[in-house]
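In what follows, a single structure is set out as structure tokens and then discussed.
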Amino acid sequence: MSTPGSAVAGVPHLDVDPFDMKFFADPYPTHELLRETGPVVCLDKWKVFGVARYAEVHAVLNDPVTFCSSRGVGLSDFKKETPWRPPSLILEADPPEHTRTRAVLSTVLSPTVMKGLRDRFAAAAEARVDALLEQRSFDAIADLAEAYPLSIFPDALGLKPEGREHLIPYASLVFNAFGPPNELRKEAIARSAPHQAYVTDQCQRDNLTPGGIGACIHAHVDKGAITATEAPLLVRSLLSAGLDTTVNGIGAAVYCMVRFPDQWQRLRGDLTLARNAFEEAVRFESPVQTFFRTTTREVELSGATIGEGEKVLMFLAAANRDPRRWDKPDSYDITRRTSGHVGYGSGIHMCVGQLVARLEGETMLSALARRVASIEITGEPKRRFNNTLRGLDSLPVTITPA
Ligand code: 8QM
């Protein structure tokens with residue numbers, strides 16, 4: 001037998017819980033332990049396999065036939081348990097079904113669509129920074145990392161103004177639900193009904209403003225690419241994955257800038273570095289920390305035998321700091337060659353919204369760098385605890401104008 005619960009030759013067991021508060025408070029020593037213990041480990045607490053080195057994380061992400069997504073990318077195996085919501089038609093799907101839905105989202109989030117959004121995103125970033133310069137002291141999470149995406153993304157999708165306060169709680173629920181049945185997940189699901197009701201409603205064609213990304217998804221029904229039943233679920237994917245991720249990505253970038261002021265000054269000296277500075281923040285903090293896959297057959301991975309139907313936990317954040325792959329992995333360096341990081345995943349499921357994320361990150365960092373001379377922490381940063389997302393709850397700062 002090769003189940004994680006039993007002794008398996010060549011696969012070391014660890015009793016760490018990568019979903020508990022002590023781990024979230026400082027995951028880095030445990031990431032190192034996971035990487036150094038072996039290429040594949042058994043995590044006894046949740047009876048799953050784990051991979052934390054870059055090579056194995058990359059290998060699992062790039063073999064979607066063996067390591068499937070259709071049985072869920074959280075701990076729960078959809079073949080054995082009923083999912084908490086109808087499965088995502090893209091995230092929780094395998095080819096060939098995945099190929100068709102992915103193509104639709106890829107089209108509505110294409111480089112051409114980004115061209116139409118750029119000026120609006122840039123103007124909103126400048127306006128947000130101008131307002132913050134009036135305040136001087138503010139919370140970089142609520143007033144910047146959340147306020148900026150909230151000022152552009154719901155409008156880009158075409159959501160009505162009412163009820164948008166559900167968006168972040170809904171996303172927080174989605175990302176907690178990928179985790180094990182701990183307090184975070186159970187509490188989130190127990191409180192989920194109003195957020196789910198809001199999201200389900202907003203995904204309907206009639207509730208989406210013409211010209212928005214949501215309406216564009218529904219337009220693909222008329223072209224025959226997807227059915228009228230599928231379209232609302234694809235809109236739901238953008239409501240699930242499109243906001244809290246960039247909130248935590250932008251939060252990570254600002255948190256990097258306040259901790260590494262030399263990198264901030266470098267950015268101020270060369271605004272063309274803004275896009276890579278954001279990318280490096282995604283590598284360095286990995287807003288999406290982990291994902292699971294499920295094996296569709298017995299498979300050998302770096303000498304370990306993994307049976308069929310096993311959950312494999314990929315530590316994206318640990319791979320993004322694996323010294324086997326990265327020079328000075330724990331340094332935030334805005335001129336680093338970041339390509340190949342797995343902060344957006346890799347392979348066929350690699351973030352379909354990555355151009356939106358990068359556009360938001362780049363426009364905000366360049367607006368800040370153009371107008372702000374220094375950013376200083378003025379209070380204790382508070383962490384936000386989530387089974388999948390890494391980020392802060394509050395980051396008190398004071399800025400000085402350029
Ligand atoms: C995570 O609902 C979805 O399709 C979905 C939810 C969460 C994500 C992706 C897709 C990876 C950002």
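Checking each residue in the range 71-105 for being basic (Lys, Arg) and under 15 Å from LYS311 (Cα atoms) picks out ARG71, LYS79, LYS80.
Checking each residue in the range 135-151 for being closer than 23 Å to ILE213 by Cα and either within 15 Å of the ligand (Cβ to nearest atom) or surrounded by fewer than 24 Cβ atoms within 10 Å (Cβ to Cβ) (or both) picks out GLU146, ALA147, PRO149, LEU150, SER151.
Looking at this structure, is ALA274 surrounded by fewer than 18 Cβ atoms within 10 Å (Cβ to Cβ), at pLDDT 95 or above and touching a helix residue (DSSP H, G or I) at 6+ places or on another chain (Cβ under 6 Å)? Judged against the criteria, ALA274 is not a match. Determine whether the range 314-336 contains at least one residue that is among the aliphatic types (A, V, I, L, M) and part of a loop (DSSP other than H, G, I, E, B). Looking for residues that are among the aliphatic types (A, V, I, L, M) and part of a loop (DSSP other than H, G, I, E, B), one finds at least one in the range 314-336, hence yes. Scanning the range 334-347 for residues that are buried (at least 21 other Cβ atoms within 10 Å of the Cβ) and away from the ligand (no atom under 16 Å from the Cβ) gives ILE334, THR338. Would you check if there is a residue in the range 284-302 being free of Cβ contacts under 8 Å to residues at least 12 places away in the same chain and more than 16 Å from the ligand (Cβ to nearest atom)? Looking through the range 284-302, at least one residue is free of Cβ contacts under 8 Å to residues at least 12 places away in the same chain and more than 16 Å from the ligand (Cβ to nearest atom). Regarding ARG383, is this residue in a helix (DSSP H, G or I) and touching a helix residue (DSSP H, G or I) at 6+ places or on another chain (Cβ under 8 Å)? Taking the combined requirement at face value, the residue does not satisfy it. The residue that is nearest to the ligand (Cβ to nearest atom), counting only those in the range 236-278 that are under 21 Å from GLU165 (Cβ atoms) and not in a helix (DSSP H, G or I), is GLY242. Can you confirm whether GLU360 is within 16 Å of the ligand (Cβ to nearest atom), out of contact with any strand residue (DSSP E or B) (no Cβ under 6 Å at 6 or more places or on another chain) and either assigned to a strand (DSSP E or B) or over 30 Å from GLY38 (Cα atoms) (or both)? For GLU360, the condition - within 16 Å of the ligand (Cβ to nearest atom), out of contact with any strand residue (DSSP E or B) (no Cβ under 6 Å at 6 or more places or on another chain) and either assigned to a strand (DSSP E or B) or over 30 Å from GLY38 (Cα atoms) (or both) - is met.
The values are calculated or read from the model by the stated rules, or taken from the named source; none is laboratory data. Bear in mind that the values here come from a model prediction, so they are computed numbers and not experimental data. All Cβ positions, glycine included, derive from the backbone under ideal geometry; neighbour counts span all protein chains shown.
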